[in-house]
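Data first, discussion second: the structure below is written as structure tokens.
The values are calculated or read from the model by the stated rules, or taken from the named source; none is laboratory data. Source: prediction; values computed, not measured. Using ideal geometry, Cβ is built from the backbone for each residue, glycine included, and neighbour counts are taken over all protein chains shown. Accessible surface areas use protein heavy atoms only, side chains included; no ligands, DNA or RNA. Shrake-Rupley method; radii C 1.70, N 1.55, O 1.52, S 1.80 Å.
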Amino acid sequence: MFYHASPTHCIEVLEPRVSNHGKPLVYLSKKRENVLPYLSNAVEKYCRETGFPHEGPWYKWGSYGFFEGKLRIDEYWPNALEETYKGVSGYIYAAETVPGREELKGIPDAVITSEPVPVTGCEYVPDAYEALLIAAELGQIFIRRYEQLPEKMLAWIESSIKQQYEAADMPTYRHFLKGKFPEITAGLE
């Protein structure tokens, strides 16, 4: 089985869409728990909540990586997990086959395709935050809270946010970075 998360209900065929890689693709994982972070996009959620106007595609935010072969979500600011996922519902779509699939380099168990993917199942997730906590309790993923991050990681976050803020050409992304990291982005323009 292959899995794909979306806020959209009643998808029968997953169509390739342009994302951060700049070309139309469908992204899927061989592990259901690995698609849970895609039930919410922190940038989109923050902009909608603050009434920031949006044009064009949303920047995809993901503060995760892989540790010991499992997904690990890191909180880049205090309570980031709850702020991003609590109360957010969505759907996890399943597909038995993925036409033209290729392994996505650098992301374990991920595949991509430029072809439409027929959906064979759909699971409603009423609260993405609760689903992530359950996956962590089951040992399927790791969650590393902001308070648990080592000093080296905090320094890396600060450096990365500064670089991304200065280089960002998407107003929504800059608005998000300024709102979530005010002490880091202060004085940058």
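Take PRO126 and tell me if it is more than 16 Å from the chain's Cα centre (by Cα), farther than 24 Å from ARG174 by Cβ and touching a residue at least 40 places away in the same chain (Cβ under 8 Å). Lay out the reasoning, then the answer.
On the way: more than 16 Å from the chain's Cα centre (by Cα): yes; farther than 24 Å from ARG174 by Cβ: yes; touching a residue at least 40 places away in the same chain (Cβ under 8 Å): no.
It is false that PRO126 is more than 16 Å from the chain's Cα centre (by Cα), farther than 24 Å from ARG174 by Cβ and touching a residue at least 40 places away in the same chain (Cβ under 8 Å).
So ILE73 fits all but one of (1) closer than 18 Å to ARG144 by Cβ; (2) in a loop (DSSP other than H, G, I, E, B); what number is the exception?
Among (1) closer than 18 Å to ARG144 by Cβ; (2) in a loop (DSSP other than H, G, I, E, B), the lone unmet condition for ILE73 is (2).
Could you please give the count of residues in segment 130-159 that are open to solvent by less than 80 Å² (accessible area, probe 1.4 Å), hydrophobic (A, V, I, L, M, F, W, C) and closer than 26 Å to ALA186 by Cβ?
5
Modelled with pLDDT under 90, farther than 16 Å from TYR129 by Cα and among the small types (Gly, Ala, Ser): does that describe GLY69?
When the stated conditions are applied, GLY69 passes them.
For the structure I just gave you, tell me whether CYS47 is among the hydrophobic types (A, V, I, L, M, F, W, C) and assigned to a loop (DSSP other than H, G, I, E, B).
no
Among GLY22, GLY87, GLY65, which is over 30 Å from GLU183 (Cβ atoms), open to solvent by less than 70 Å² (accessible area, probe 1.4 Å) and not hydrophobic (A, V, I, L, M, F, W, C)?
GLY22
Please work out which one of (1) at pLDDT below 95; (2) closer than 19 Å to SER19 by Cα; (3) not aromatic (Phe, Trp, Tyr) is the condition GLU115 fails and give its number.
Here GLU115 clears every test but (1).
Can you tell me which of GLU33, GLU103 is among the charged types (D, E, K, R), out of contact with any Ser or Thr (no Cβ under 8 Å at 6 or more places or on another chain) and touching a residue at least 24 places away in the same chain (Cβ under 8 Å)?
So the residue among GLU33, GLU103 that is among the charged types (D, E, K, R), out of contact with any Ser or Thr (no Cβ under 8 Å at 6 or more places or on another chain) and touching a residue at least 24 places away in the same chain (Cβ under 8 Å) is GLU33.
Could you tell me which of the residues ASP169, ASP127 is of a type in the set (Asp, Glu), within 17 Å of LYS60 (Cβ to Cβ) and either surrounded by 15 or more Cβ atoms within 10 Å (Cβ to Cβ) or at pLDDT below 95 (or both)?
On the way: ASP127 fails: within 17 Å of LYS60 (Cβ to Cβ).
The unique qualifying residue is ASP169.
Tell me which residues, restricted to segment 1-19, are modelled with pLDDT under 90 and either touching a helix residue (DSSP H, G or I) at 6+ places or on another chain (Cβ under 7 Å) or exposed (fewer than 11 other Cβ atoms within 10 Å of the Cβ) (or both).
VAL18, the sole residue that qualifies.
Cβ-Cβ distance below 7 Å, separation of 6 or more or different chains: which pairs start in segment 146-168 with a residue that is touching a residue at least 12 places away in the same chain (Cβ under 8 Å) and at negative phi and end on one that is surrounded by 11 or more Cβ atoms within 10 Å (Cβ to Cβ) and of a type in the set (Gly, Ala, Ser)?
Sorted first by the residue in segment 146-168, then by its partner, the pairs are TYR146/ALA80.
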